[in-house]
Amino acid sequence: MHANPDPVMPTYSYFDSFSIALTLWPSMGMTRAPLVTAEQPSPELVQQAYAVVHEQYHLWRTSMPKYLGNQCMDVTTRLYGLLNSRGIKADIVIGSVRTQQSQFFNCDVPYLRDIATQLVDETAPIDLHAWITVGGDSVIDFALPSKLARNHGAPADLMNEGFCADATGMAKHMGLYYEPLLVGSQYLALVNSVDPHDLLLHLLGK
């Protein structure tokens, strides 16, 4: 009798999930299509976006709590407005993040659809993560690093840092798997009553 082989971990493809996530906005009651595509941005564009975020850190970080691990919707709202007002097309991705051992956010597409389209308990915390993308598998995330530092044993110096990388590389080299479920800033208006696009229009003086 032969022993069963070790189970094979499912193949990780951010691009496959992201391509589906780009199409789901109408089913969530959203009327505004994503601003980005699955096409991989150039490294120069990703670095340009990250440079803007760093250079304007004093602006978007103002009046926010010291700890950003539970502030992903506020952080991405501000970065969405900042980047698009500077001519860099960026959008907000909603999903989860996991390692081989842990799932940090317990959400799936039906859950996201339910809280966007049905009456739910508004006092209950929303179990999802949001990050910024400029397309492809690019990830700009200034909320998760502090969560990892405070609660999951990551180095303390991550507390005030952000990730700027490709999700494929982060999975390979850090064991951190970003799982996109939906793309579109308007989702935050449905579940959090604040539309990041309103901030963008304000920054553009419209």
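Brief remarks follow.
- Average accessible surface for the chain: 52 Å² per residue, computed with a 1.4 Å probe over protein heavy atoms with every protein chain in place.
- The charge dipole of the chain, taken about its Cα centre with unit charges on the Cβ of Lys, Arg, Asp and Glu (plus for the first two, minus for the last two), comes to roughly 360 debye.
- Sulfur and carbon atoms: percent of accessible area, region 109-194 [1.4 Å]: 51
- Unit charges on C-beta of K, R, D, E only; dipole of region 33-113, Debye: 220
- Using a Förster distance of 22 Å, the FRET efficiency for residue 206-residue 63 (Cβ separation, nearest 0.05): 0.45
- Positive dipole terminus of the chain, leading residue within 27, 160, 139 (C-beta point charges): 160
- Springs join every pair of Cα atoms under 10 Å in this Gaussian network model of the chain, and among 180, 43, 125 the largest mean-square fluctuation is at 125.
- Inter-part distance where region 167-182 and region 112-162 are each reduced to a Cα centre, Å: 13
- Most mobile of 143, 189, 156 in a GNM of the chain (Cα contacts under 10 Å): 156
- GNM flexibility winner over the chain from 70, 151, 84 (Cα, springs under 10 Å): 151
- In region 34-124, the GluC sites (Glu not before Pro) that fall in loop regions by DSSP, at most 12 other Cβ within 10 Å: 39, 122
- Relative contact order of the chain: 32 percent, from C-alpha pairs under 8 Å at least 6 residues apart in sequence.
The values are calculated or read from the model by the stated rules, or taken from the named source; none is laboratory data. All figures in this text were calculated on a predicted structure; none of them were measured in a lab. No Cβ is skipped: glycine too gets one built from the backbone with ideal geometry, and neighbour counts run over all protein chains shown. We work out accessible area using only protein heavy atoms, side chains counted, and drop any ligands, DNA or RNA first. Shrake-Rupley method; radii C 1.70, N 1.55, O 1.52, S 1.80 Å.
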